[in-house]
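Q: Attaching a single structure in structure tokens format; questions to follow.
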Amino acid sequence: MPAPANCPLDIEEEAWLQEVLPRFRGSPSADKPNIMKDIQIEFRKEFPYPDDQDTYWRKEVKDYLYENGRERTAKDMKRWMHSSSYRDVIAFYKKDEVKREQGENGIEDYQPAVNRVIEKLTPAERKAFGETLKQWEEEGVPVQVQQA
């Protein structure tokens, strides 16, 4: 027989645990340790294993119950609540130029650096960034921007 660490739950064991899972889920938090012990004992009766593997299988059952014991509902994607501006679009796509304009100065020179970059934009770039802003407003801000 292989070592216990190489014996994950098989299909029958997992199906049995799925059947008893509602009992674990429905119990109050204070009763969960006792319910878990009862389930571990029932598991041992249902699926006999050698005594030297008792600790391993008790841990497997406990892990399964705690990993699957809470019903999770799918949440909507996080909505970007910050309204974007023309400056945000330019600051994101031209961040290297803004850093060059800012130089070694601190945060106090960031807004003037963005202003200098905006002044240097060509009409075609201004139009492209305006279209990008409209796209952000319609479809939402890209994830890379939200994480930046």
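Q: Quick check on this structure: which one of Glu138, Glu42 is loosely packed, with under 15 Cβ neighbours inside 10 Å and in contact with a helix residue (DSSP H, G or I) (Cβ under 9 Å, 6 or more places away or on another chain)? Spell out how you get there, then give the answer.
A: Details: Glu138 fails: in contact with a helix residue (DSSP H, G or I) (Cβ under 9 Å, 6 or more places away or on another chain).
The unique qualifying residue is Glu42.
Q: Let me confirm something: among Asp10, Asp52, which residue is modelled with pLDDT under 85 and farther than 30 Å from Trp136 by Cα? Please lay out each step first, then the result.
A: Numbers: Asp52 fails: modelled with pLDDT under 85.
Going through Asp10, Asp52 in turn, the sole match is Asp10.
Q: Let me ask you something else. Go through (1) over 30 Å from Glu14 (Cα atoms); (2) over 29 Å from the mean Cα position of the chain (by Cα); (3) assigned to a loop (DSSP other than H, G, I, E, B) one by one and return the number of the condition Arg87 breaks.
A: Exception for Arg87: condition (3).
The values are calculated or read from the model by the stated rules, or taken from the named source; none is laboratory data. A quick note: this is a predicted structure, and the numbers were derived from the prediction, not measured. Note that each Cβ is placed from the backbone with ideal geometry, even for glycine, and that neighbours are counted across all protein chains shown.
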